Amino acid sequence: MPMSDLPETMRAVRLDAWGDRSVLHVADVPVPTVEPGRVLVRVRAAGINPGESAIRQGVFGGDLPSGQGTDFAGIVVAVGEGVDGIDEHEEVLGWSWDRASQAEYVSVPAEQVVQKPRLLDWNVAGGLDVVATTAAAAVRAADPKPGETVVVSGAAGGVGGFVTQLLTNEGIDVIAVASEANHEWLASKRARPVAYGDGLQQRIEELATNGVDALIDTHGAEYVHLGIALGIPADRIETIIAFEAAAEVGAKASGSADTADPEILGALAQMVAEGAIEVPVAATYPLERVQDAFEELEQGHTRGKIVLIP
């Protein structure tokens with residue numbers, strides 16, 4: 001589609017100040033121009049992630065005003081000079097480092113999109129990149145082997161659910177920490193669910209009669225310390241969120257930046273498309289209800305992903 005056929009403006013999630021959900025709003029902003037080496041995508045779905053709550057509160061700094069969002073899936077509408085192997089009208093999913101995916105259009109470097117598998121649902125594709133690549137990084141950091149026992153905290157969340165399935169698919173025994181409402185789903189993925197809360201260490205020890213080999217935390221610092229209490233070597237403890245606790249005990253803290261690679265994303269997307277991994281979509285919201293979407297996300301009990309539909 002020639003740029004002349006595109007609208008001049010688009011709707012996009014914006015924030016003009018750091019703060020709570022109330023700073024999020026949808027505004028009309030210019031449609032990005034297509035620069036060399038980049039592609040312009042009409043967004044069909046864009047995921048939201050817990051890390052965006054911290055970004056919105058100014059934890060990581062950055063310039064204001066700002067857009068928001070990393071994950072997206074959509075249709076390529078324009079291709080910049082020097083881009084090979086990607087055509088207009090191609091269905092893709094990918095990621096933006098510019099906090100810009102929660103919008104009607106997003107412009108990214110061509111190497112940050114991959115072809116969307118035909119059987120992959122748009123909503124799942126739109127929320128896939130962060131959970132999939134973060135899960136892959138976490139599993140790689142913990143380095144589990146078939147037959148080992150691994151504890152996963154937040155095991156029914158977006159990243160935790162993906163981690164759990166990556167592990168059980170490889171013959172790894174997963175003790176999955178989650179609310180009882182999610183135990184049936186986790187059991188269907190061949191994990192052994194256990195409820196969080198008081199007495200968790202004892203419950204895990206009763207299940208893991210031969211000990212625990214590794215722990216992957218997707219929830220918070222208490223699980224990093226639980227790993228140490230369970231006798232797990234610090235270099236077999238991985239957290240995607242509790243960075244200070246990881247530094248304190250010598251645990252690992254890998255994330256999606258460590259696996260931000262189109263080949264990795266493409267392979268993970270294919271697994272989901274083929275049904276080897278399920279990524280539940282907990283809810284979808286129109287762009288204008290972005291505050292409501294984050295209200296649900298920040299309750300902390302979401303199974304799978306929440307997705308915005310521009």
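The values are calculated or read from the model by the stated rules, or taken from the named source; none is laboratory data. Treat the numbers as computed from the prediction; the structure is a model and nothing was measured. We place every Cβ from the backbone using ideal geometry, glycine too, and count neighbours over all the protein chains shown. Side chains included, ligands, DNA and RNA excluded: accessible areas come from the protein's heavy atoms. Shrake-Rupley method; radii C 1.70, N 1.55, O 1.52, S 1.80 Å.
To the nearest 500 deg cm²/dmol, what mean residue ellipticity at 222 nm is calculated for the chain from DSSP H runs of n ≥ 4 alone, each contributing -39,500 (n - 2.57), summed and divided by the residues?
On the way: 10 runs with 87 residues, N = 310.
Mean residue ellipticity, 222 nm, calculated: -8000 deg cm²/dmol.
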To the nearest 10 degrees, how steep is helix 262-273 against the longest Cα principal axis of the chain, on a 0 to 90 scale? 70
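Out of all DSSP beta bridges in the chain, what portion is antiparallel? Express it as a percent rounded to 5.
Details: 29 of 49 bridges.
Roughly 60 percent of the beta bridges in the chain run antiparallel, per DSSP.
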Correct choice for semi-axes √(5λ) of the Cα gyration tensor in Å that was computed from the model, options (i) 43, 25, 15; (ii) 35, 20, 17; (iii) 41, 19, 17: (ii)
Using a cut-off of 13 Å between beta-carbons, work out the net charge of the residues near Pro193 (Lys and Arg +1, Asp and Glu -1, Pro193 not included). +2
Part-to-part distance (alpha-carbon centres) for the range 34-91 and the range 94-164, which is given in Å: 15
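For the range 212-253, what is the convex hull volume of the alpha-carbon atoms per residue, in Å³?
In the range 212-253, the Cα convex hull volume per residue is 49 Å³.
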Any idea what the alpha-carbon Rg over 2.2 N^0.38 Å comes to for the range 1-106? 1.10
I'd like the Karplus ³J(HN,Hα) series for the range 204-216: coefficients 6.51, -1.76, 1.60, θ = phi - 60°, whole numbers in Hz, and an x wherever there's a Gly or Pro. 5, 4, 5, 7, 9, 5, 9, x, 10, 8, 7, 9, 10
Distance histogram in 5 Å bins (all Cα pairs of the range 195-305, percent per bin): 2, 10, 14, 14, 17, 20, 14, 6, 2, 0, 0
At a 1.4 Å probe radius, carbon and sulfur cover how many percent of the accessible area of the chain? 48
With label points set 7 Å from each Cα along the Cα-to-Cβ direction at Asp198 and Glu88, the distance between them in nm comes to 6.5
Output the relative contact order of the chain, whole-number percent, from Cα pairs under 8 angstrom with separation of 6+ residues. 20
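Please work out the average accessible area per residue across the chain, using the 1.4 Å probe convention, and give it in Å².
Numbers: 13390 Å² over 310 residues.
Heavy-atom accessible area per residue stands at 43 Å².
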What angle, in degrees between 0 and 90 and rounded to the nearest 10, separates the Cα long axis of helix 129-142 from the longest principal axis of the Cα atoms of the chain? 30
